[in-house]
Every structure is written in structure tokens, then in C-alpha cells.
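What follows is one structure encoded as C-alpha cells, with my remarks underneath.
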Amino acid sequence: MSVDEVGTEWQADEPGWDVDPDDESGVAVVAAVGRQLRAWREAAGLTAAELGAAMGYGENLVYKVEGGRRIPRPEFLDKADGVCGANGKITAMKQDLAAVRYPKKVRDLAKLEARAAEMGLYSNHNIHGLLQTAEYARALFEMRQPAYSQDEVERVLAARIARQAVFERSPAPALSFVQEEVTLRRPIGGTMVLRRQLERLLDIGQLRSVEIQVMPTSRGDHASMEGGVEVLKFEDGTAVGRSDGAFAGRPVSDLKQLRILELRYGMLRAQALTPRESLAFIEHLLGET
């Protein structure tokens, strides 16, 4: 069913994201923004229905936002600011919502990535999220089962792309990626999406702080046949790691457990193609695709 075929009320209430009741910090921020919005609306002498109509949204959405049950999109706050005559006060709340609009587990991961001085990341099913183009990531989210709603797709997609700010940090962290060859061949989203994804890998692989290595399928075995590996090291000497095939897949920071993950990742790098060979391999694949 297309958007044009659904009811007006549904269209009006679609923008925004549901609040996760288990996300305590997110709930508090959204509730505070909702109270401020209501105060500005009442100061302007508007009912929820009048504010919604002036912005092109439904009354129900306004009540949900004011009640802290819906995370509004940035454009909702921009429109509310103009209608209520808040002179930028409502618009400024976009900054408060910028982080909490993403799922908590993604926010927690992004915080770790933002602190990391070094990252070692091995992916065996798909191209790692930090390397994905938006259209490749969208294709992955849209094929998920049980299916995401379109609203959820947009939310997790925005969160994934936001994490890629790690490439713009200064000083840049040292980033090492090992990708299984099959992840570079599987046409997620179709041939053209894959081509643009391979082009992105070639571009990112030119960054001085980034090394991308390919684990050829011709390798009979390697150090992490059980699944992905992630090791993040911080400036203060601490670290955190996770592997699908170790410690029940839980994040670990114990030094003995970290040494096991570091050993695995070091062996993976030694068994994979070198960064120079890997970029040549990706360029060859691009020519074949």
C-alpha cells in the first residue's frame, strides 16, 4: 500500500520514533522536550489540534510528543518553533534529541567507537557497518526478519551512518578491518549497490589511518572460523572486545579474555591478504561486477 492510499490521520502521525521504555536516559530527555513544547504551545495560546494543523501534523502526534511517548523528527521542532514564535528555543532542542533518537545499544557502541584510539574489526557475514554505504545498509535493514517497519529502517539507518563520523575524528583512530571475501561478492541490494560499496571501500582504504584486508575464501581455515571479532583500545590503556565465538558473544574487558581476542585478531591479519593486496583484490572485483 502506498502512502497516497492510506488515511490522512496515519500520514500525520507517521513522523518520529517510538520511545524505548527501557532506555531511561532517553525517556528523560524526550519527556523534558515534550514538557517544553507544551509550555511554548500554551504560551502561544494554541491547542494541540491548532498547532498540529499549522504544522501539517495530526493532533495525536502533538500529544504523543508532549507526553514524551514519541521522539519528533528535527523538522517537527523547526515547524513548532516557527508556529509558536519561540525564536529558536524549540529548534535548539534538536541538539538534545540528536543522540537519543538512536537505539540505546547503538548509542552505547557509538560512544565506545568515539573514544577508541585503535579498532580491530573482523566481519564474516556482511561488510562492516562503519564501511557501509547508506544504500547497502538500507538493503540489509529492509531484508531483516522479522521485518522492520519503514520508520524503524530510517531510525537504524540514520544511527549507522552517524557512527561513521569516526573517520572524521582528529586525531584519527587507527582502524583495521578484515573482511571475508564472500562479503565483497554478495550483491546486497543489487549489482549497482555492490559496485558503489566496493568503490567506497577503495576510497576509505586510501586513508592513512585505515587498513582494509581481505580474507580469501581459498584459505582452508583461519583463526576465527566461529564468527566476527571486535577489539577496541582506548587512550587510557583499557580495552573492550567481543567475538561471536568466545565468551558467549558478550563484551569483555578482562585482560586475560582480551588477550585471547587480540591473539585471534592478530592471527587473522597475518592470514589475510596484505592491505595493498586487498585493495588490488577489491579493485579486481569491481572490474568483474
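Calculate, for the range 62-209, the solvent-accessible area per residue in square angstrom, rolling a 1.4 angstrom probe over the heavy atoms of the protein chains.
Values: 7010 Å² over 148 residues.
I get 47 Å² per residue for the range 62-209.
Could you calculate the contour length gain from ARG259 to GLU142, that is, 0.36 nm times the residue separation minus the distance between their Cα atoms, to one decimal place in nm?
Working: separation 117, 0.36 × 117 = 42.12 nm, distance 3.66 nm.
The span from ARG259 to GLU142 would gain 38.5 nm if fully extended.
Rounding to the nearest 20 debye, state how big the charge dipole of the chain is about its Cα centre with +1 on each Lys and Arg Cβ and -1 on each Asp and Glu Cβ.
Working: 37 positive and 43 negative charges, 151 e Å.
Computed charge dipole of the chain: roughly 720 debye.
When the Cα centres of the range 30-50 and the range 225-288 are compared, how far apart do they sit, in Å?
49 Å
Would you mind counting up the charge near GLU66? Only other residues with Cβ under 11 Å from its Cβ, with Lys and Arg at +1 and Asp and Glu at -1.
With Lys, Arg at +1 and Asp, Glu at -1, the net is +4.
Could you work out the local net charge near GLY228, counting Lys and Arg as +1, Asp and Glu as -1, over the other residues with Cβ closer than 12 Å to its Cβ? All intermediate terms of the calculation are to be shown ahead of the outcome.
Working: positive: ARG242, ARG264; negative: GLU180, GLU226, GLU230, ASP244.
After counting each charged neighbour, the total is -2.
Looking at LEU263, GLY190, VAL240, which one has the Cα that reaches farthest to the positive end of the dipole of the chain (charges on Cβ: Lys, Arg +1; Asp, Glu -1)?
About the Cα centre, the residue reaching furthest to the positive side is LEU263.
Go through (i) 38; (ii) 20; (iii) 59 and flag the label whose value is the computed percent of Cα pairs over 32 Å apart for this structure.
So the structure-derived entry is (i).
Rounded to the nearest percent, how much of the accessible area of the range 39-149 (1.4 Å probe, protein heavy atoms only) is carbon and sulfur?
Numbers: 2740 of 5220 Å².
That fraction is 53 percent.
What lysines sit close enough to LYS111 to cross-link, taking a C-alpha to C-alpha distance under 21 Å and skipping anything fewer than 8 places away on the same chain?
Candidates past the 8-residue exclusion: LYS94, LYS233.
The values are calculated or read from the model by the stated rules, or taken from the named source; none is laboratory data. Every value quoted in this text rests on a predicted model; they were computed, and no experiment measured them. Glycine gets a Cβ as well: all are built from the backbone with ideal geometry, and neighbour counts include every protein chain shown. For the accessible areas, the whole protein counts, side chains as well, though only heavy atoms, and no ligand, DNA or RNA atoms are used. Shrake-Rupley method; radii C 1.70, N 1.55, O 1.52, S 1.80 Å.
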